[in-house]
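Chemist: Sending over a structure as structure tokens; questions will come in a sec.
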Amino acid sequence: MRAEKQFISKEYLERLNASPFFIVVDYTGLKVGPVTELRKRLSSAGAEIHVVKNSIFKIAAKEAGVSEIGTLVGQLAVVTGQKDVSSAAKVIKTFSSEFDKPKIKFGFLNNERLEAAVVNELADLPSLEVLRGKFLGVLQAPATKLAVLLNTPASQLARVLQARVEKEQGAGA
């Protein structure tokens, strides 16, 4: 392999190793303006997109320990990121619905292949922060109910005593 191809392969390998996931998309027919917009949206989701040379990317993926990725055909780009895969998938799916491009081919999450349908399902999941919030709410609900239950007799007793005091003050007047 020529020196420049080795450099590109090394760059692809570094991106793959730095990211817990990658999504391969076909960007055929997507013009520069929309690609720039997609880059901005992915950046805000903690991800980035890079156009790849198919043969070199296949070599880099193999070196990264990714199981067989199959035949790569067409104008492909790879989305990688540091955050969760569902955020990046959501950006791609939303963008694709607006511009009819790019098309998700497949993805990998922790070296397990995800078909396009699975990546689209991940896009429909709430973000990791929302899921954490819901989980915390589920964990806190029993404690909140217990606190209310323990405070109920004391608050009822206080209301009864207050009513008695008001009744005696009203009768004594």
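Chemist: Relative to the compact-globule scaling 2.2 N^0.38 Å, provide the ratio for the alpha-carbon radius of gyration of region 121-160.
Modeler: 1.93
Chemist: If you don't mind, another one. Could you calculate the contour length gain from residue 125 to residue 7, that is, 0.36 nm times the residue separation minus the distance between their Cα atoms, to one decimal place in nm?
Modeler: 38.8 nm
Chemist: OK, next. Just to check I understand the Karplus step: with θ = phi - 60° and J = 6.51 cos²θ - 1.76 cosθ + 1.60, what whole-Hz values come out for region 130-144, glycine and proline as x?
Modeler: Result, ordered by residue: 5, 4, 5, x, 5, 5, 5, x, 5, 5, 7, 4, x, 5, 5 Hz.
Chemist: Relative to the Cα centre, what is the charge dipole magnitude of the chain, using +1 at the beta carbon of each Lys and Arg, -1 at the beta carbon of each Asp and Glu, and rounding to the nearest 20 debye?
Modeler: Roughly 140 debye for the chain.
Chemist: In the structure shown, do any of 5/90; 5/103; 10/83; 58/83; 83/145; 58/93 have a Cα-Cα gap over 30 Å, and if so which?
Modeler: Correct reply: 5/90; 83/145.
Chemist: Taking just the alpha-carbon atoms of the chain, what radius of gyration and Dmax come out, in angstrom?
Modeler: So, for the chain, Rg and Dmax equal 27.7, 104 Å respectively.
Values in this text are rule-based calculations from the coordinates and carry no lab data. These numbers were taken from a predicted model, which means no experiment stands behind them. Note that each Cβ is placed from the backbone with ideal geometry, even for glycine, and that neighbours are counted across all protein chains shown.
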